[in-house]
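> This is the structure, below, for whatever I ask next.
The values are calculated or read from the model by the stated rules, or taken from the named source; none is laboratory data. The structure displayed is predicted, hence computed values, not measured ones. Glycine also receives a Cβ, built like all others from the backbone with ideal geometry; neighbour counts cover every protein chain displayed.
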Amino acid sequence: MAIRTLRIEGDPILNKTTKEVKEITPRILELIEDMADTMYENQGVGIAAPQVGVLRQLFLVDIGEGLKVFINPVMEETEGEQTGDEGCLSLPGKVGTVKRPQKIKIKAFDINMEPFETEAEDFFARAICHEYDHLQGILYSSKAEGGVRDIPYEDEEEEE
Ligand code: ZN
């Protein structure tokens, strides 16, 4: 288990595009494991390789239904529209309202380099689109309507 240092908005690596993963090497497996550890440690629902400083086409998503690994993903179809709040491990303490497709179809390779295709809707589609953007060097803050805002501090009331 290894937690990697998260790159934070302003770090130029987050605005770079990524290269294909050519093969699953021990180094790539270690990266995937570390990315999962880093995501869970920070209570994220997704993480992309550039967020730990690696410019590879790879991201993980877990919206509470198990860890899913997407290698060399290609978005095939998008449909409809949804508007909702999202956050990002690279913008701690922030949230923004972003328009995303309601439904998507994406193909990618799994951890054994086997191709697969997934259809996703609602929050799962949102999470995938967010991570997919990271691989193109795009942060959600550039798409957020009205920009990002601080997450309101909610603990105070609960303690009273
Ligand atoms: Zn993010």
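> Check the range 148-155 and report whether any residue there is at pLDDT 95 or above, surrounded by 20 or more Cβ atoms within 10 Å (Cβ to Cβ) and either within 16 Å of the ligand (Cβ to nearest atom) or part of a strand (DSSP E or B) (or both).
yes
> Which members of the range 100-115 meet the condition of being free of Cβ contacts under 8 Å to residues at least 60 places away in the same chain and surrounded by 13 or more Cβ atoms within 10 Å (Cβ to Cβ)?
Filtering the range 100-115 down to residues free of Cβ contacts under 8 Å to residues at least 60 places away in the same chain leaves 100-108, 110, 114-115.
Of everything in the range 100-115, those that are free of Cβ contacts under 8 Å to residues at least 60 places away in the same chain and surrounded by 13 or more Cβ atoms within 10 Å (Cβ to Cβ) turn out to be Arg100, Pro101, Gln102, Lys103, Ile104, Lys105, Ile106, Lys107, Ala108, Asp110.
> Right, something else. For the range 1-110, give me every one of the strands (runs of 3 or more DSSP E) that falls completely inside it and has 2 or more residues that are in contact with a strand residue (DSSP E or B) (Cβ under 8 Å, 6 or more places away or on another chain) and of a type in the set (Asp, Glu).
Numbers: elements: 46-48, 58-61, 68-79, 82-86, 94-100, 103-109.
Because the criterion is at least 2 residues that are in contact with a strand residue (DSSP E or B) (Cβ under 8 Å, 6 or more places away or on another chain) and of a type in the set (Asp, Glu), the strands (runs of 3 or more DSSP E) in the range 1-110 that meet it are 68-79, 82-86.
> Could you tell me whether any residue of the range 118-126 is among the hydroxyl-bearing types (Ser, Thr, Tyr), surrounded by fewer than 20 Cβ atoms within 10 Å (Cβ to Cβ) and out of contact with any helix residue (DSSP H, G or I) (no Cβ under 7 Å at 6 or more places or on another chain)?
The initial filter retains those residues of the range 118-126 that are among the hydroxyl-bearing types (Ser, Thr, Tyr), namely 118.
Narrowing further to those that are surrounded by fewer than 20 Cβ atoms within 10 Å (Cβ to Cβ): 118.
Filter again for out of contact with any helix residue (DSSP H, G or I) (no Cβ under 7 Å at 6 or more places or on another chain), leaving 118.
Yes - at least one qualifying residue is present in the range 118-126.
Every residue, every condition in (1) on the phi > 0 side of the Ramachandran plot; (2) away from the ligand (no atom under 14 Å from the Cβ); (3) in contact with a helix residue (DSSP H, G or I) (Cβ under 6 Å, 6 or more places away or on another chain), yes or no:
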{"position": "Ile24", "(1), (2), (3)": "no, yes, no"}
{"position": "Gln43", "(1), (2), (3)": "yes, no, no"}
{"position": "Ile47", "(1), (2), (3)": "no, no, yes"}
{"position": "Gln51", "(1), (2), (3)": "no, no, no"}
{"position": "Glu76", "(1), (2), (3)": "no, yes, no"}
